[in-house]
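Here's the structure we're looking at; comments come further down.
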Amino acid sequence: MRLYEVVYIFDATLEEDGVNAKLEKFHTILTNDGAEVVAVDHWGARQLAYPIANHGSGYYVVAHLEAPAEALPEFERIIKLDEECLRYLVVLNEGEPTTGLSLVAEPRPGAENEDEDEDEEEEDDDDDSPPEFQGGRGRRRRHEGPAVTLLNYKDVSTLSRFLTEGGKILPRRTTKVSSRFQRQLGTAVKRARYLSLIPYVRDHEV
């Protein structure tokens, strides 16, 4: 039994009762094999970052399911047969909440006064420079806001801070993130784009 996260995008014309009926149908396939529905979060109808099957909006639902891996093939087969499910994604949950929020670290007491000499050296940086986060080797770096400890691929606001106007991921030399975080960022951006949460390119670049 492992904890999975499933993101569904349904036809936005469906009422909540209709969506719940479909979720009941899908999830019963898993629960019949001993799975457990841990959480279901209705995001509701929202604009898609790009059209999916000629739909400009979709009804999003995020569910956490503890299920055996062998039950997933039949589960996914039934979802694919439903024409009102525009898209779905099944991934192992690594601690991401169902909401579109990342987990951030609490600032340490007195952290603002640490490494004053390093801060003085950075005073000449442009205010328009990209945000910087905790770097590798434990070195403290200037950053805007608390450090991200768990990047949620559904967190459009945080992901957008690492993307250029053309939709490319900012390089490590600019953001000063660790190699591990950069890999997580790449995976998160791919998932967010697949779910039409962020576009592949900005509108004015199309």
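The values are calculated or read from the model by the stated rules, or taken from the named source; none is laboratory data. All values reported here derive from a predicted model rather than from experimental measurement. Positions of Cβ are backbone-derived with ideal geometry, glycine not excepted, and every protein chain shown enters the neighbour counts. With ligands, DNA and RNA removed, areas are computed over all heavy atoms of the protein, side chains included. Shrake-Rupley method; radii C 1.70, N 1.55, O 1.52, S 1.80 Å.
To the nearest Å, what is the center-to-center distance of region 154-203 and region 1-60, using C-alpha atoms only?
24
What is the spin-label model distance, in nm, from Thr149 to Glu36 if the labels are put 7 Å beyond Cα along the C-beta direction?
Using points 7 Å along Cα→Cβ, the separation is 2.4 nm.
For each pair in Lys80/Lys176; Lys22/Lys154; Lys22/Lys168, compute the distance between the two Cα atoms and list the pairs where it is over 30 Å.
Details: Lys80/Lys176 41 Å; Lys22/Lys154 22 Å; Lys22/Lys168 36 Å.
The pairs that break the limit, which is 30 Å between Cα atoms, are Lys80/Lys176; Lys22/Lys168.
I need the P(r) histogram for region 1-58: all alpha carbon pairs, bin width 5 Å from 0 out to the longest distance, whole percents.
4, 15, 26, 20, 17, 11, 6, 1
At 1.4 Å probe size, what's the solvent-accessible area of Leu197? Round to the nearest 10 Å².
20
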